[in-house]
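Novice: I'd like to ask some things about the structure below.
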Amino acid sequence: MRIMAAEETVRLDKWLWAARFFKTRSMASKAVNGGHVHVNGNRVKPARMVRVGDGLHIRRGTAEFDVVVLGLHSRRGPAVEARSLYRETEESLLRREQAAQKRRIEEHPAAAPSRRPDKRDRRKIRKFILKD
């Protein structure tokens, strides 16, 4: 994979897809339109051109990434090469690690049921879900 020179630019949605933050370009485009991606602190559109040195704030589900663009590429390549396109800030890494630890502490797995629901139980479940 060839990393482009600093004077070239790439569309934001293409870069997010190439850097493997989103599985498809349309998902990246929807995230940008939904306000989940900011460039240098500003809300932008998917067609915004990204340059080397730009700071991105990306929110994907519960995870938030603060990254600096190190390279540009409009094609999706292997994950190892995609990671070379950006550098995540130390604060972002620390924040994500703390959130992961908090989730591990707070999550309590539900106990497995002792048996499958019978006909009466299924009726109760349907009644509860439908709120009749």
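The values are calculated or read from the model by the stated rules, or taken from the named source; none is laboratory data. As the structure is a prediction and not an experimental result, all values here were calculated from the model. In this analysis, Cβ positions are derived from the backbone assuming ideal geometry, glycine residues included, and neighbour counts consider all displayed protein chains.
Each row is one residue, and each column tells you yes or no for (1) of a type outside the set (Gly, Ala, Ser); (2) within 19 Å of Leu93 (Cβ to Cβ); (3) more than 12 Å from the chain's Cα centre (by Cα).
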position	(1), (2), (3)
Phe22	yes, no, no
Met27	yes, no, no
Asn42	yes, no, yes
Arg48	yes, no, yes
His57	yes, yes, no
Phe65	yes, yes, no
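Novice: Out of curiosity, is Leu93 part of a helix (DSSP H, G or I), surrounded by 10 or more Cβ atoms within 10 Å (Cβ to Cβ) and among the aliphatic types (A, V, I, L, M)?
Specialist: yes
Novice: Write out, first by first residue and then by second, each pair whose Cβ atoms fall under 7 Å of each other, whose residues are 6+ apart or on separate chains, and whose first residue, in region 51-66, is within 15 Å of Phe22 (Cβ to Cβ) while the second is among the aromatic types (Phe, Trp, Tyr) and not in a strand (DSSP E or B).
Specialist: Ile58/Phe21; Arg60/Phe21
Novice: Could you check, for region 68-85, whether at least one of its residues is among the β-branched types (Val, Ile, Thr) and in a loop (DSSP other than H, G, I, E, B)?
Specialist: no
Novice: List pairs: first in region 33-48 and more than 15 Å from Trp15 (Cβ to Cβ), second β-branched (Val, Ile, Thr), Cβ under 9 Å, 6+ apart or cross-chain?
Specialist: Arg43/Val32; Arg43/Val37
Novice: Of everything in region 49-70, what is among the aliphatic types (A, V, I, L, M) and under 13 Å from Leu12 (Cβ atoms)? Give them in sequence order.
Specialist: Within region 49-70, Met49, Val50, Leu56, Ile58, Val67, Val69 qualify.
Novice: Can you name the residue in region 96-107 that is over 18 Å from the mean Cα position of the chain (by Cα) and among the basic types (Lys, Arg) and is also surrounded by the most Cβ atoms within 10 Å (Cβ to Cβ) among such residues?
Specialist: Lys102
Novice: Which one of these does Met4 not meet: (1) in a loop (DSSP other than H, G, I, E, B); (2) at pLDDT below 90; (3) loosely packed, with under 12 Cβ neighbours inside 10 Å?
Specialist: Met4 satisfies every listed condition except (3).
Novice: If we keep just the residues of region 16-64 that are basic (Lys, Arg) and part of a loop (DSSP other than H, G, I, E, B), which is surrounded by the fewest Cβ atoms within 10 Å (Cβ to Cβ)?
Specialist: Lys23
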